[in-house]
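Colleague: Quick one: the structure is below, questions incoming.
The values are calculated or read from the model by the stated rules, or taken from the named source; none is laboratory data. Note that the structure is predicted; figures quoted are calculated from it, not measured. Reconstructed Cβ throughout: ideal geometry from the backbone, glycine too, with neighbour counts over all protein chains shown. Note: areas computed on protein heavy atoms with side chains; ligands, DNA, RNA excluded. Shrake-Rupley method; radii C 1.70, N 1.55, O 1.52, S 1.80 Å.
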Amino acid sequence: MEGAAATYQSATYTALMLMPPKDKWDQIQAIRKVHDKQIHRWMPHINFLFPFVHPKHFDEVADKLQEKLATFPSFDLTFEKLDCFINKSQCIGFTDPATEPTTALNDLLQQILTVVPFHSKKTDDFHPHLTLGQFKGEPAVRKFIDEQEWTPINFKVTEIYMIHRDGKEAPFEVKKTIKLME
């Protein structure tokens, strides 16, 4: 059927994400070394889709995403402040992105979902964040936030990444880069 979106098998060892440029990692990684048990598996990132498509679909999906996003404008992102998610088993400390335009991350996700519709994620369920660590209980995560001397990190988002890992304990690696319009 012409115009119908393809269906892709998903995989829990792949993701579609954005990450800050490596020259912006120092402050983030210094905190993650102390507080994030996933630092050796994940680079600093904001996930759009996890799980993502099976690696056998990477070439096809990368081509479709590149075609779709070639006219999506690059945008400014600032990690301005720290915040947290609180749940019964653990609390997550993170930095909260602000973008210009303010809807850039949700707009980008909407465009992505036109290419990769298998995913159940909806933009109203999307809470973009960059995880800095896991904490046992609300008092611990609140103390972490209060004690950090956070300096805002700003960069232009010009690309997103398809990543993959080659085993449960292996670190993720960038396999495909999707460029936005500059």
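Colleague: Using θ = phi - 60° and the Karplus relation 6.51 cos²θ - 1.76 cosθ + 1.60, list the HN-Hα couplings for segment 153-165 in order, rounded to whole Hz, with x at every Gly or Pro.
Modeller: 10, 10, 7, 9, 7, 10, 7, 10, 9, 9, 10, 8, 10
Colleague: Let me ask something else about it. What lysines sit close enough to Lys88 to cross-link, taking a C-alpha to C-alpha distance under 16 Å and skipping anything fewer than 8 places away on the same chain?
Modeller: Lys136
Colleague: Say the dipole of the chain comes from +1 at the beta carbon of Lys and Arg and -1 at that of Asp and Glu; which of Gly167, Val116, Pro97 then lies farthest toward its positive end?
Modeller: About the Cα centre, the residue reaching furthest to the positive side is Gly167.
Colleague: While we're here: Specify whether the C-alpha gyration tensor of segment 20-75 places it in the rounded, prolate or oblate class, a ≥ b ≥ c being the square roots of the eigenvalues: rounded for a/c under 1.5, otherwise prolate if a/b is larger than b/c and oblate if not.
Modeller: Because a/c hits 1.5 or more and a/b fails to exceed b/c, segment 20-75 counts as oblate.
Colleague: Out of segment 88-182, which trypsin sites (Lys or Arg not before Pro) are coil in DSSP terms and have no more than 16 other C-beta atoms within 10 Å?
Modeller: Those satisfying the criteria are Lys88, Lys121, Lys122, Lys136, Lys168.
Colleague: In the full protein assembly as shown, how much of Glu169 is accessible to a 1.4 Å probe, in Å² to the nearest 10?
Modeller: About 130 Å², ignoring ligands and nucleic acids.
Colleague: Please list Leu82, Leu108 from largest to smallest accessible area, probe radius 1.4 Å, with all protein chains kept in place.
Modeller: Listed by decreasing accessible area, they come as Leu82, Leu108.
Colleague: While we're here: Quick check for me: using +1 on Lys/Arg Cβ and -1 on Asp/Glu Cβ, what's the dipole size of the chain about its Cα centre, in debye to the nearest 20?
Modeller: The calculated dipole for the chain is roughly 640 debye.
Colleague: Relative to the longest principal axis of the C-alpha atoms of the chain, give the angle of the C-alpha long axis of helix 26-35, reported between 0 and 90° and rounded to the nearest 10°.
Modeller: 70 degrees
Colleague: Nearest 10 degrees is fine. How inclined is helix 138-147 to the longest principal axis of the chain, computing both from alpha carbons?
Modeller: It is inclined by approximately 80 degrees.
Colleague: On a 0 to 90° scale, report how tilted helix 104-115 is relative to the longest principal axis of the chain, with both axes built from alpha carbons and the result rounded to the nearest 10.
Modeller: The answer is roughly 40 degrees.
Colleague: Quick check: the distance between the Cα centres of segment 56-101 and segment 103-182, to the nearest angstrom?
Modeller: 4 Å
Colleague: Mind checking the log10 I(q)/I(0) for the chain at q = 0.10, 0.11, 0.12 Å⁻¹? Debye, one equal scatterer per Cα, no solvent, two decimals.
Modeller: For the chain at q = 0.10, 0.11, 0.12 Å⁻¹, log10 I(q)/I(0) is -0.41, -0.49, -0.59.
Colleague: Also, I was wondering about something else. Enumerate the lysines that Lys22 could reach by cross-link, defined here as Cα to Cα under 25 Å, with residues fewer than 8 away along the same chain left out.
Modeller: Those lysines meeting the cut-off are Lys33, Lys37, Lys81, Lys156, Lys168, Lys175, Lys176, Lys179.
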